[in-house]
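The values are calculated or read from the model by the stated rules, or taken from the named source; none is laboratory data. Bear in mind that the values here come from a model prediction, so they are computed numbers and not experimental data. A quick note on method: Cβ atoms are made from the backbone with ideal geometry, for glycine too, and the neighbour counts reach across all protein chains shown.
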Amino acid sequence: MSKYANKRTYQNKLADSFFAIEPQGFSMKVVSCTAWLKSNFANRPTCFSPKSKFLIILFVLLSFASCKKNSEVWNEAVPVSRQQSEKAQVLSEKAPSSQRLSGNTQAFQQAERLGEEELPPFVFKLSTSGYFYTVESNGRAKAISDKGRSKDFQLKYVGRSKDSYLELLFYAEYESDLVLLYQVSDGESVGGGITRMDQRGLRVKWTTSIESLNMGKGLIDDDRVYITGAGLIACLNLRTGKYLWKHEQLHEKYQSFTAFEVPLVEGDVVAFTARSDIGEPAKTIKVYKLSGEVKSVSDK
């Protein structure tokens, strides 16, 4: 009897010591196993044996450990000044996630580029609903949440190499994810890409290359995104990053369409209008959204 009592006392002390520690990052009331068992099984003292109670405790502890291991970890010891944190929160509140046009349609915004010279290094600044980002021209980036937590990451953009750099950067939000549309140069050739990434974990979901220059602001329409470049109009699936359709070399065929305004959705058609500020005929090409078939090409 004495041996059993000592064993039982040891288990109760062990239980108390386990649940007296509150896991960092969890906001919940934590009590000892003994208190929990007493509160839930006080009227049923024979429901569980001491051995069964101990096994239950062990199972709960393992569950906590698994939850903590799989949770996203941001820097809690924030290497961000109070001023930066407050600035990030103000920018996040002021700036809309994207330029809303109509219905489920939204245009990309152009990230602010800091740097007086035409050549890198550049630093791009952008803000979304809940996050503030700085992105260097070499892809090094930092995300700061509106709660002041920060996380460094590397944007592995399309065409990244020792001599390449980000030249233009546009952004939008889709289902709480960040969608980046960018132009890349190495001083001689130009290309680009589009990347969708989870903002909480900064995990890239997909990246697709865009073989063009003169990248323009894209347009999100439900689960599709329309993009433009020199002689290029295209549509991609935002869930997969795959092209649904595209038309290339339009500038050679129509002596126009070297650069585009923001696309405009008109019912079941999307209109792409050439920019009129670059000294070429301003024309509009209309394409059926789903099939990609050209409906018409006309003067602006």
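Numbers at a glance
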{"item": "Residue ID - farthest from D223 (Cα to Cα), chosen from residues in region 243-258 that are modelled with pLDDT of 95 or more and either small (G, A, S) or part of a strand (DSSP E or B) (or both)", "result": "H247"}
{"item": "Condition met for Y182 (within 23 Å of G115 (Cβ to Cβ) and crowded, with 17+ Cβ neighbours inside 10 Å)", "result": "yes"}
{"item": "Qualifying position, being within 16 Å of Q106 (Cα to Cα) and either outside any strand (DSSP E or B) or at pLDDT below 95 (or both), among G191, G216, G159, G201", "result": "G216"}
{"item": "Residue satisfying condition, being buried (at least 18 other Cβ atoms within 10 Å of the Cβ) and in contact with a Ser or Thr (Cβ under 6 Å, 6 or more places away or on another chain), within set V270, V265", "result": "V265"}
{"item": "Selection within region 283-292 - in a loop (DSSP other than H, G, I, E, B) and surrounded by fewer than 16 Cβ atoms within 10 Å (Cβ to Cβ)", "result": "L290, S291"}
{"item": "Pairs with Cβ under 6 Å, 6+ apart, first in region 278-289 and outside the structural domain of K246 (by TED's automatic domain parsing) and among the polar types (S, T, N, Q), second in a strand (DSSP E or B) and loosely packed, with under 15 Cβ neighbours inside 10 Å", "result": "none"}
{"item": "Failed condition for K295, given (1) part of a strand (DSSP E or B); (2) surrounded by fewer than 16 Cβ atoms within 10 Å (Cβ to Cβ); (3) in contact (Cβ under 8 Å) with a residue 60 or more places away in the chain", "result": "(3)"}
{"item": "Positions within region 162-188 being hydroxyl-bearing (S, T, Y), over 18 Å from the mean Cα position of the chain (by Cα) and not in a loop (DSSP other than H, G, I, E, B), in sequence order", "result": "Y165, S185"}
{"item": "Some residue of region 130-144 being of a type in the set (F, W, Y), buried (at least 19 other Cβ atoms within 10 Å of the Cβ) and not in a strand (DSSP E or B)", "result": "no"}
{"item": "Output for region 204-222, where each listed residue is over 15 Å from K156 (Cα atoms) and either aliphatic (A, V, I, L, M) or in contact (Cβ under 8 Å) with a residue 40 or more places away in the chain (or both)", "result": "L213, N214, M215, G216, K217, G218, L219, I220, D221, D222"}
{"item": "Leading residue by the ranking (surrounded by the most Cβ atoms within 10 Å (Cβ to Cβ)) among those in region 115-129 that are in a loop (DSSP other than H, G, I, E, B) and more than 14 Å from the chain's Cα centre (by Cα)", "result": "F122"}
{"item": "Filtered residues of region 270-298 (kept if over 22 Å from M215 (Cβ atoms) and not charged (D, E, K, R))", "result": "Y288, L290, S291, S296, S298"}
{"item": "Count of residues meeting criterion [outside any loop (DSSP other than H, G, I, E, B) and within 16 Å of the chain's Cα centre (by Cα)] in region 219-236", "result": "2"}
